[in-house]
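Here is the structure we will look at, set down as structure tokens.
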Amino acid sequence: MTESTREPPDGSCQTCGAPGWLRHFPGASPTSGIWCERHYWRLLWLHPLGHRGRVVWAGLVVALIVLMAFAR
Ligand SMILES: [Zn+2]
């Protein structure tokens with residue numbers, strides 16, 4: 001990790017309370033907040049509006065449709 005090279009935290013992560021940084025939501029939502037490295041990463045990948053999460057969720061939906069098509 002590159003934690004040690006980061007600037008000092010802006011506050012506490014709004015999810016877990018660990019030291020975090022104020023930043024824009026990592027996706028298509030006009031919000032910002034304070035997140036630690038871990039929860040920012042989690043939002044980015046797992047939130048349906050996250051830049052990566054969107055792709056992940058779209059992939060899941062496609063996988064589900066394919067599964068249902070073969071389940072008959
Ligand atoms: Zn956190």
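The numbers here are math on the coordinates, done by the rules we state, and not lab data. These numbers come from a predicted model, not from an experiment. Quick reminder, even Gly has a Cβ in these numbers, built from the backbone with ideal geometry, and neighbours come from all protein chains shown.
Seen from all directions on average, the range 3-70 presents a Cα convex hull projection of 5.5 nm².
What's the local net charge at W45, with K and R +1, D and E -1, over the other residues with C-beta under 15 Å away? In short, +3. Compared with the dominant Cα axis of the chain, that is its longest principal axis, helix 53-70 is turned about 20°. Seen against the Cα atoms of the chain and their longest principal axis, helix 37-46 is set at about 20 degrees.
Put simply, when 9-22, 36-49 are sorted by average Cβ atoms within 10 angstrom per residue, most first, you get 36-49, 9-22. In the chain, taking the dipole from charged Cβ atoms about the Cα centre, the farthest positive-side position among F25, G53, V66 is held by V66. Length gained on full extension, A58 to S32: 7.0 nm, using 0.36 nm per residue less the C-alpha separation. Each residue of the range 15-29 was assigned a 3J(HN,Hα) from its phi angle through the Karplus curve 6.51 cos²θ - 1.76 cosθ + 1.60 (θ = phi - 60°); the sequence is 9, 10, x, 6, x, x, 10, 6, 7, 6, 3, x, x, 8, 9 Hz, with glycine and proline shown as x.
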